[in-house]
Amino acid sequence: MHGRVKLKSTAQQEEEKRKEREKKLKVYVAARDACFSKRKEGTMDDEGLQITQQLLSSNPDFATLWNYRREILQHQETVRPEDEVQKLYEEELSFLEGCLKVNPKSYGSWHHRGWVSGRIPARLGPRAGPVRPLPGARRPQL
């Protein structure tokens with residue numbers, strides 16, 4: 001930043017940073033490989049959702065993981081009762097909110113959010129009601 005003295009890092013600090021990055025990369029690659037193998041096997045369980053959540057939390061621009069997540073959610077619709085599916089999709093929206101805070105320009109996150117919003121059973125039903133403007137909001141002049 002402007003007006004701040006740049007501190008030079010020592011070789012030891014650089015080495016510690018490099019080791020930390022390598023450690024994070026190993027965890028990320030292991031989770032990614034586990035996710036790919038689960039998808040290849042056709043496993044559509046909660047563990048797949050947890051692994052993809054872990055990966056997408058740090059990198060929301062991974063389209064393959066969003067697709068796998070969508071496949072899992074579609075499968076869960078067939079094996080769970082409607083109230084559990086409702087809860088699952090509401091949790092998905094909360095997760096997406098966090099992803100969009102990490103990267104608000106993530107096309108994959110926005111696309112998945114639109115897909116999830118269209119699939120929520122009760123939210124889009126007759127109880128949803130019309131959208132009303134906020135109190136005190138001004139209407140645009142035409």
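Values quoted throughout were computed directly from the atomic coordinates according to the rules given, and no laboratory measurement underlies them. Computed from a predicted model, the values in this text were never measured in an experiment. As a convention, Cβ positions derive from the backbone with ideal geometry for all residues, glycine included, and neighbour counts pool all protein chains shown.
Neighbours of TYR28, meaning other residues whose beta-carbon lies under 12 angstrom from its beta-carbon, give a summed charge of +3 when Lys and Arg score +1 and Asp and Glu score -1. The length gained by stretching the chain between VAL79 and VAL102 to full extension, at 0.36 nm per residue less their Cα-Cα distance, is 5.1 nm. Note on region 1-91: the alpha carbon radius of gyration divided by the globular reference 2.2 N^0.38 Å gives 1.57. Packing around the peptides 32-39, 73-80, taken as the average count of other Cβ atoms within 10 Å per residue, puts them in this order, highest first: 32-39, 73-80. Cross-link partners among lysines for LYS87, C-alpha distance below 30 Å, same-chain residues fewer than 8 apart left out? Here the lysines satisfying the reach criterion relative to LYS87 are LYS38, LYS40, LYS101, LYS105.
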